[in-house]
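*Asks:* Here it is: the structure, laid out below.
The values are calculated or read from the model by the stated rules, or taken from the named source; none is laboratory data. Note that the coordinates shown come from a computational prediction; the quantities given were computed from them, not determined experimentally. Cβ: placed from backbone, ideal geometry, glycine included. Neighbour counts: every protein chain shown.
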Amino acid sequence: MTAKPEILVVGGGIIGASIAWHLADRGARVTVIDGGEPGGIATRNSWAWINVSWGNPEPYFRLRAQAMEEWRRLEREIPAVRVAWTGSLNWELPGDRLEAFAAQHAAWGYDVRCVGRDEAARIEPSLADPPELAVHAPREGAVDPLDVTRVLLSAACERGAMLAAGRFAQSIEVRGGRVVGVDTENGRLIADTVVVAAGAGAAELAATAGFVLPVSAPPAVLAATRPMPRLLNGLVMTPELQLRQAADGRLVAAASAEAAVDLLAAMKALFRPNRTTMDLDFQIVASRPIPRDRLPLVGRAVGIDGLYFAVTHSGITLAPALGSMAAEEILAGRRHPLLDPFGLARLQPC
Ligand SMILES: Cc1cc2nc3c(=O)[nH]c(=O)nc-3n(C[C@H](O)[C@H](O)[C@H](O)COP(=O)(O)OP(=O)(O)OC[C@H]3O[C@@H](n4cnc5c(N)ncnc54)[C@H](O)[C@@H]3O)c2cc1C
């Protein structure tokens, strides 16, 4: 009898955790290592909206829509996975672009439509000045990103996966065109397959095996208030910020760092005056891995057997789909058709 191949996942953020869960659930031998604390870097600081987003080509829309369904599948598989399916109200874009976004996505079969001021006020009654026009997407949601990543990792461990914190992979070791493992400060880890799910750290690690991964890590700002009485029913996207209210009552806001928005002032301005004071709990600047063309980079490394990469923006949305599709490709050699446009070849230098 031949031993099961050993699969090493580098990175314990939501992408590595989801891949590890889907591999372990199918009976694979998996070890996850992380240079820091499992729970990721971008992941723990994420705003964590599960959505299709706007302005994307149709194949990427299809992948994201599938990922939203796969969150529902994951909730059934692992009861501790909980998504707040609150829907979203979006008036971030100018009116003509909101209308074009809603029309195009509705034509693609997505549950989305434009609403006027009265309906926006019914959806979010605490808004001081409801928008004249917004896009309402009732099937979108959010997760607690750190909590759900820990849940995935512990579910993987219950299926036999191993998890090692504080093990930074310094290089990918290749012999005769095949991966043999990774080198860490504390010695070599042998593996038949290495999955690089290292977020913004993926490019540096890929370079040790001769791969150029064009991934940058631009900053974004994340802020949260102390717990507040219920002010929001769902997620809102305004021209200044993105805002949701977590289960514990904290308002969680995100904005791009370049916009230099005073997030607390913007949050206060959004709501009718009320007697509860709004205080910041924290505000941080966090970076997120973004491939050069802003699309996922997921698949086998051409020319080196046993090496697989999974690096993406919108990793919270995509995690369940990328996890199950990567597991299928690694274990059965079948690439999901929805993943076809998102391989590595498109971004390699000629
Ligand atoms: C402010 C903000 C808002 C966001 N909003 C959303 C949103 O609304 N919706 C959405 O879908 N996405 C959003 N994102 C993006 C999303 O959070 C990321 O795409 C996702 O978390 C990436 O997960 P990851 O596992 O690839 O990376 P990470 O969470 O960064 O995890 C990578 C892990 O790899 C480890 N690592 C790196 N190098 C090595 C090495 N050499 N050896 C060992 N370990 C290593 C790191 O320690 C880390 O734990 C947001 C991100 C930010 C920062």
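*Asks:* Yes or no: the stretch 141-160 includes at least one residue that is among the small types (Gly, Ala, Ser), under 30 Å from Arg122 (Cα atoms), out of contact with any His (no Cβ under 6 Å at 6 or more places or on another chain) and within 14 Å of the ligand (Cβ to nearest atom).
*Replies:* yes
*Asks:* Going by what's in this entry, would Ala165 be described as assigned by TED's automatic domain parsing to the domain that holds Leu297, of a type in the set (A, V, I, L, M) and under 21 Å from Leu344 (Cβ atoms)?
*Replies:* no
*Asks:* Would you check which residues across the stretch 222-273 are under 18 Å from Ala142 (Cα atoms), out of contact with any strand residue (DSSP E or B) (no Cβ under 7 Å at 6 or more places or on another chain) and either within 16 Å of the ligand (Cβ to nearest atom) or free of Cβ contacts under 8 Å to residues at least 12 places away in the same chain (or both) and list them?
*Replies:* Thr238
*Asks:* Of the conditions (1) more than 16 Å from the ligand (Cβ to nearest atom); (2) out of contact with any helix residue (DSSP H, G or I) (no Cβ under 7 Å at 6 or more places or on another chain); (3) touching a residue at least 24 places away in the same chain (Cβ under 8 Å); (4) not assigned by TED's automatic domain parsing to the domain that holds Ala17, Thr277 clears all except one; give me its number.
*Replies:* Here Thr277 meets the rest and fails (3).
*Asks:* Here is a further query. Test Phe309 against the stated conditions and say whether it is buried (at least 20 other Cβ atoms within 10 Å of the Cβ) and either farther than 25 Å from Pro218 by Cβ or within 15 Å of the ligand (Cβ to nearest atom) (or both).
*Replies:* Taking the combined requirement at face value, the residue satisfies it.
*Asks:* On the basis of being within 30 Å of Leu270 (Cβ to Cβ), within 13 Å of the ligand (Cβ to nearest atom) and touching a residue at least 12 places away in the same chain (Cβ under 8 Å), does Trp85 make the cut?
*Replies:* Here the answer is no, as Trp85 does not meet what is asked.
*Asks:* I'd like the residue in the stretch 1-38 that is among the aliphatic types (A, V, I, L, M) and farther than 16 Å from Gly323 by Cα and, out of all such residues, is farthest from the ligand (Cβ to nearest atom).
*Replies:* Top of the filtered list is Met1.
*Asks:* Looking at the structure I just gave you, is Arg334 part of a loop (DSSP other than H, G, I, E, B), without any contact (Cβ under 8 Å) to a residue 40 or more places away in the chain, at positive phi and basic (Lys, Arg)?
*Replies:* no
*Asks:* Restricting to strands (runs of 3 or more DSSP E) lying wholly in the stretch 44-160: which have 2 or more residues that are hydrophobic (A, V, I, L, M, F, W, C)?
*Replies:* In the stretch 44-160, 113-116, 133-137 are the strands (runs of 3 or more DSSP E) which contain 2 or more residues that are hydrophobic (A, V, I, L, M, F, W, C).
*Asks:* Go through the stretch 291-326 and count every residue that is over 18 Å from Glu77 (Cα atoms) and free of Cβ contacts under 8 Å to residues at least 40 places away in the same chain.
*Replies:* So the count comes out to 2.
*Asks:* From the list Thr193, Thr184, pick out the single residue that is of a type in the set (Ser, Thr, Tyr), assigned by TED's automatic domain parsing to the domain that holds Gly11 and closer than 22 Å to Glu329 by Cβ.
*Replies:* The match here is Thr193.
*Asks:* Return the residues of the stretch 181-212 that are crowded, with 17+ Cβ neighbours inside 10 Å, away from the ligand (no atom under 12 Å from the Cβ) and either within 18 Å of Gly40 (Cβ to Cβ) or not small (Gly, Ala, Ser) (or both); say none if nothing qualifies.
*Replies:* Asp192, Thr193, Phe211
*Asks:* With respect to Arg73, is the statement that it is surrounded by 17 or more Cβ atoms within 10 Å (Cβ to Cβ), more than 15 Å from the chain's Cα centre (by Cα), in contact (Cβ under 8 Å) with a residue 24 or more places away in the chain and away from the ligand (no atom under 13 Å from the Cβ) true?
*Replies:* no
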